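What follows is a single structure, written as structure tokens, with notes after it.
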Amino acid sequence: MKILSVDIGAGTQDILLYDSEKNLENCFKMVIPSPSLIYADELFKFAESDKKRLLIYGECIGGGKIKKALKYAGSKKEIFITEEAFKTFTYHGEKATDFNVRIIEESNVDKVTKEVDEAIKFSESDLSTFKNFPGFGEFDAVCYAVQEHGARENTSNRVYRLEVFKEKLSKFKDFRDLAMTNYDEIEDSFYRFKSLFKSLKSQRDNVLIMDTAHCAVLGCMQDAYVKNLNDYMLINFGNGHTTFAVIHNDKVISYMEHHTKCLKEPEKLKNLTLKFACGDVTNEEIYNDGGNGAIIFETIGFENIKKVVVTGPNRNLIKETGLDYYFASPGGDMMMTGPIGLIASAKKKIV
């Protein structure tokens, strides 16, 4: 069985074509720029061009740099955008006037396309693009991971995100079960998940989606060395977020999310790691420090942590802390941690 596994982060999208007939190390893989970076560059270029009118349509995708790009382009050009595509920019309650853009109905896309100088279609899931890469065109199932904060009126999206995941973790604690294979499993205001799932399902029957933070933790757990551990901590230093998890008997008993930019000071990072292992952090403390929050179900104390397992593009932040750590590289490649975590979920929920 072949499974296309794609983990979309703030900087890159990490892609693995898993083939059950091959050794994992021989499966095809790629690391390319994330869609939001590509679209941000297109918006900046349009803003500096001689063209005057732009249409944006398509899916709700990841934000980041693309927000700054839309504000800049909107200050210089006339921009039309569909409601679905504009959801990319509304997770903090933003309005069309904040970007100087005009919202149009999906039914008017064809009409407006003829009236503008350029049109950009937002998509994180156009599977036809893989046909351009030798060996990537055929697969039996598709798994995608993106980050989803959700949006709820009068509630911080960071708070809402942790509330949703706390409820799910309280039921499962097995990260494989946090993956979704049915549209009805997705929270109503998780717009990016919904848009992604609908797009993928229109192209393939077997679809699984998951949050990037969760598939990174799960991917670490597939590392050959880590599989032989029992009580340990996982830390994924992403480009935007850092995820912490304490694993006991292959279950997640504590979970925390922070922003990587807030953890650059070694002593702060060390102290936070020790406190988290002992359950001495609160959700409010992490939120007030700029993070998303913490979920503590059980504690085992740092003295019982056999190893701090680390992954992610900013994993070198751990080096100056003085902690005893191990760099996980499932499948022999740290950048494939997320895709391998998705495959682990697919083996339980699809295969």
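What follows draws every value from the coordinates through simple rules; no lab data is involved. Because the structure is predicted, anything quoted here is derived from the model rather than measured. As a convention, Cβ positions derive from the backbone with ideal geometry for all residues, glycine included, and neighbour counts pool all protein chains shown.
Charge dipole (Cα centre; +1 on Lys/Arg Cβ, -1 on Asp/Glu Cβ; no other charges) of segment 45-85 amounts to roughly 300 debye.
Karplus-based coupling profile of segment 96-102, in residue order and whole Hz: 4, 5, 5, 10, 6, 10, 10, with θ = phi - 60° in 6.51 cos²θ - 1.76 cosθ + 1.60 and x standing for Gly or Pro. Modelled spin labels at Ser202 and Ser156, positioned 7 Å past Cα toward Cβ, are 3.6 nm from each other. Based on C-alpha pairs under 8 angstrom that are at least 6 apart in sequence, the chain has a relative contact order of 18 percent.
Each label point was placed 7 Å from the Cα along the Cα-to-Cβ direction; for Glu320 and Lys261 their separation is 1.8 nm. Note on segment 35-122: dipole from Cβ charges, positive end direction compared against Gly74, Phe122, Ala85; the farthest Cα belongs to Gly74. In segment 227-328, the DSSP beta bridges split such that about 70 percent are antiparallel, to the nearest 5. Taking Cα centre as origin and charging only the Cβ of basic (Lys, Arg, +1) and acidic (Asp, Glu, -1) residues, the dipole magnitude of the chain rounds to 380 debye. Rounded to the nearest 10 degrees, the angle from helix 337-349 to the longest Cα principal axis of the chain is 90 degrees.
Per residue, the convex hull spanned by the alpha carbons of segment 35-122 comes to 75 Å³. Amide H to amide H distances under 5 Å link Glu148 with Thr212, where only residues 5 or more positions off or on other chains count and H is placed in the peptide plane.
Take segment 227-328, drop everything but the C-alpha atoms, weight them equally and run the Debye formula without solvent; then report log10 I(q)/I(0) at 0.13, 0.18 Å⁻¹ to two decimals. So the normalised log intensities are -0.38, -0.77. Antiparallel as a % of all DSSP beta bridges within the chain, to the nearest 5? Roughly 50 percent of the DSSP beta bridges within the chain come out antiparallel.
Near Asp140, once Lys and Arg are set to +1 and Asp and Glu to -1 for all other residues with Cβ below 13 Å from its Cβ, the sum equals -1. Sorting Cys143, Cys262 from the fewest to the most surrounding beta carbons within 10 angstrom yields Cys262, Cys143. Label zone of Lys51 (point 7 Å out along Cα→Cβ, amide N under 12 Å): in segment 111-133 this covers 113-121. The HN-Hα couplings worked out from phi for segment 207-220 by the Karplus form 6.51 cos²θ - 1.76 cosθ + 1.60 (θ = phi - 60°) are 10, 9, 10, 7, 7, 4, 4, 6, 6, 5, 4, 5, x, 4 Hz, whole numbers, x standing for Gly and Pro.
Could you give the length gained by full extension between Phe172 and Glu105, i.e. 0.36 nm per residue of separation minus their alpha carbon distance, to one decimal place? Stretched out fully, the Phe172 to Glu105 stretch lengthens by 20.1 nm.
Among Ser345, Ser34, Ser49, the order by Cβ neighbours within 10 angstrom, fewest to most, reads Ser49, Ser34, Ser345. One chain, two ends: Glu78 and Asp280. Fully extended at 0.36 nm per residue, the span grows by 67.6 nm beyond their Cα-Cα distance. Seen against the Cα atoms of the chain and their longest principal axis, helix 35-47 is set at about 30 degrees. Put simply, when 204-216, 96-108, 309-321, 231-243 are sorted by average Cβ atoms within 10 angstrom per residue, most first, you get 204-216, 231-243, 309-321, 96-108. For a modelled paramagnetic label at Glu115, 7 Å from Cα along Cα-to-Cβ, the residues of segment 18-56 in reach, with backbone nitrogen under 18 Å, are 52-56. Above 39 angstrom, tally the Cα pairs of the chain and express them as a % of all pairs, no decimals. Roughly 15 percent, rounded to a whole number.
Name all residues of segment 328-351 having a backbone nitrogen under 17 Å from the label point set 7 Å from the Cα of Phe297 along its Cα→Cβ direction, giving them as ranges. Only 345 pass the distance filter.
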